[in-house]
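Report on the structure given below.
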Amino acid sequence: MHSVDSQPKKRIRPVAQSIHALQIAEALLKIQTVIAVTGRSESTIRRRVAEGKFPQPVKDGARCTRWVAGDVANWLRAQASTKEAL
């Protein structure tokens, strides 16, 4: 008779994406990386995308959404220049 392991198997999480990926203009950033570099929450980012106030993400499959690093970097620069003008 075989013993049935009643413990659920732990899901192995992938290593977090480094924010250094922002330095590669063509890199595709995960939402967690976009949150880390912008300081905005996921809901704020998605709301601003819908309002046209944040770069549109790229769909890389049915459940895979990424942001182009160059677009996010340009948005950050624009935010910084707007604050400097005030």
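Coordinate-derived values only; no laboratory data. Here the structure is a predicted model, which means the values were calculated and not measured. Please note: Cβ atoms are built from the backbone with ideal geometry, for glycine as well, and neighbour counts cover all protein chains shown.
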Which residues, taken from the stretch 19-54, are free of Cβ contacts under 8 Å to residues at least 12 places away in the same chain and among the hydroxyl-bearing types (Ser, Thr, Tyr)? SER41, SER43, THR44
Just to verify a result, which residue in the stretch 40-60, among those that are part of a helix (DSSP H, G or I) and among the hydrophobic types (A, V, I, L, M, F, W, C), is farthest from the chain's Cα centre (by Cα)? ALA50
Filter result (surrounded by 15 or more Cβ atoms within 10 Å (Cβ to Cβ) and over 10 Å from the mean Cα position of the chain (by Cα)) within the stretch 22-39: LEU22, ALA27
For the stretch 47-63, give me each residue that is within 21 Å of HIS20 (Cβ to Cβ) and exposed (fewer than 15 other Cβ atoms within 10 Å of the Cβ). VAL58, ASP60
